């Protein structure tokens, strides 16, 4: 008998709170953090995916700088990082 683990529990920022979410380990949304494990196998919206790809390509440097600053200085981001390290 083989047990299929579809998702791992992780902590993530959601607004001004830290919530427990799920990282998909299989399915169409593999590697993505979602709110429920059931959404790992949901259909992907192609229009949204292409739009986001274009936006990311345009804003690559700006996004990278913003992420770096947030992870370095935001206390909530630091807390989320520590919580997820403990889980590993």
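Brief remarks follow.
- Highest-MSF residue in the chain out of 19, 72, 58 [GNM, Cα springs under 10 Å]: 58
- Kirkwood hydrodynamic radius of the stretch 7-87, from inverse mean 1/r over distinct Cα pairs, in Å: 14.3 Å
- Of all the options 21, 68, 29, the one that moves most in a Gaussian network model of the chain with Cα springs shorter than 10 angstrom is 68.
We did not get these values from a lab; they are worked out from the coordinates using the rules stated. Quick caveat: nothing in here was measured; it's all calculated off a predicted structure.
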